[in-house]
Amino acid sequence: MANSEMKTPKELGYIFPAEWHRHTSTWLSYPHKEASWPGKIESIFPSYNLFIKELAQSERVNINVNDEEKKSLVEKQLKEIGTNLDNVSFHFFKTNDAWIRDHGPAFVINNNGAKALIDWNYNAWGGKYEADLDNLIPKLIAEHLSLKAFNPGIVMEGGSIEVNGRGDLITTKACLLNENRNPSLNQAQIEDKLINYYGAEKIHWLEEGIVGDDTDGHVDDITRFASEDTIITMVEPDKNDENHAILQANLDLIKKMRLNNGKQPNIVELLMPSPVFYEGERLPASYANFYIANDKVIVPTYKCKEDDKAVYILEEVFPDRQIIGIDSTDIIWGLGSYHCLSQQEPEIN
């Protein structure tokens, strides 16, 4: 019998719970890298700070900042907009960038009242950017919270997977099978890691991600679980739009999907927003990059006619949560939005 140190999280009863599982807190890495929003970084802070304000109304917000100067500035800005600072904590954990969904830990829990985290390797989406500081964040958080950290030893990003907490995990071949992630692993070997470290039972593979997504096809821009058996997925009805065929192919796969419980999923379609460009570049604007907080869902909006329809549909899908639309037309220039910018820490059962 292997000792507990050799066992995987799954063998120890851990799972990565669904995002709607009640949170102890949300973790953020405050944006500071100007190169991620060239010529625009100052314009993102009003929306980003409003995101923090909404979160802090119902859960603790843990914010990684690089130094005391940044902490003081952020505190001042949050206070000015009426944020509940009693629910905000700062940590001097230096980062390269703000995308904690990908560089942060994956918190897992089990039915014995234990919490741990998964410390995946992170290489900034295939070595596209510097990641030395970001790659240390899970270890720093584990030490701060005195949590056991499991190290699978492979590259994985939180935005590349989506779970329902009941054994189902959705991902994309474009991302996880990309040779810039884990070139020595085949699909079956990657599935083995997903099953044993996220506690999944069944892996569902989609194909490509949307145009403009430099993560090579993260699933959190296209398809999300809203409940154990409800899937929200983006669609583009305009056949001349370059996202039309991509999203239709993924929708066809979802329609053929059978969940771990044997059922067909309920499918809710969300129309893509009108295309968003900056300096001629198509940005990965999508309503699927919403974040499920304890009593609300924060959804990115883009100052276009599809915004209201997306909010209305999400209100129907999440009747127990308030749907809060926050403008993301400047934030999306960084090639991600509120889900990419956050990582949930679940309460223990």
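Tabulated results
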quantity: Rounded if a/c under 1.5, otherwise prolate or oblate - the range 4-346, Cα gyration tensor axes; calculated: rounded
quantity: Violating pairs (Cα-Cα greater than 27 angstrom) within the set Lys94/Lys296; Lys202/Lys309; Lys128/Lys173; Lys263/Lys303; calculated: Lys94/Lys296; Lys202/Lys309; Lys263/Lys303
quantity: Stretch gain in nm, segment Asn261-Asn66, where the contour uses 0.36 nm per residue and the Cα spacing is subtracted; calculated: 65.8 nm
quantity: 3J(HN,Hα) from dihedral phi, the range 88-105, Karplus parametrisation 6.51/-1.76/1.60, rounded to Hz, x for glycine, proline; calculated: 10, 10, 10, 9, 7, 10, 5, 10, 7, 7, 9, 8, 6, 4, 9, 9, x, x
quantity: Karplus-derived HN-Hα couplings along the range 165-180 (A = 6.51, B = -1.76, C = 1.60, θ = phi - 60°), whole Hz, x at Gly and Pro; calculated: x, 10, x, 9, 9, 10, 8, 10, 5, 4, 8, 6, 9, 5, 5, 7
quantity: Karplus-derived 3J(HN,Hα), 6.51/-1.76/1.60, for each residue of the range 148-163, Hz, glycine and proline x; calculated: 5, 10, 9, 10, x, x, 10, 7, 7, 10, x, x, 8, 10, 9, 10
quantity: Net charge of neighbours whose Cβ lies under 13 Å from the Cβ of Thr171, counting Lys and Arg as +1 and Asp and Glu as -1; calculated: -4
quantity: 5 angstrom amide H check on Gly325, placed H, neighbours 5+ away; calculated: Val299
quantity: Residues Glu42 and Lys79, FRET efficiency given R0 of 25 Å [Cβ-Cβ distance, rounded to 0.05]; calculated: 0.85
quantity: Choice from Ile52, Ile190, Ile161 with maximal GNM fluctuation in the chain (Cα, 10 Å cutoff); calculated: Ile190
quantity: Length added when fully stretched, Leu12-Asn186, from 0.36 nm per residue minus Cα-Cα; calculated: 60.1 nm
quantity: Sequence-distant residues sharing a close amide H with Tyr278 (under 5 Å, placed H); calculated: Leu283
quantity: Nearest-0.05 FRET efficiency for Lys303 and Glu34, computed from C-beta distance (R0 22 Å); calculated: 0.40
quantity: Summed side-chain charge close to Ile81 - residues other than Ile81 whose Cβ falls under 13 Å, Lys, Arg +1, Asp, Glu -1; calculated: 0
quantity: FRET E, pair Glu347, Phe277, Förster distance 30 Å, beta-carbon r, rounded to 0.05; calculated: 0.15
quantity: Enclosed volume per residue, in Å³, of the convex hull spanned by Cα atoms of the range 148-198; calculated: 87
quantity: DSSP H segments from the chain that extend 20 Å or more along their own axis, Cα-based, with Kyte-Doolittle mean of -0.5 or above; calculated: 41-56
quantity: Euclidean distance between Cα centres, the range 167-190 to the range 275-297, Å; calculated: 24
quantity: Computed label-point distance, nm, for sites Lys128 and Arg22 using a 7 Å Cα→Cβ extension; calculated: 3.8
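Read-outs throughout are calculated quantities, based only on the coordinates presented, and are distinct from any laboratory measurement. Keep in mind that this is a model prediction, so the values were computed, not measured. In this analysis, Cβ positions are derived from the backbone assuming ideal geometry, glycine residues included, and neighbour counts consider all displayed protein chains.
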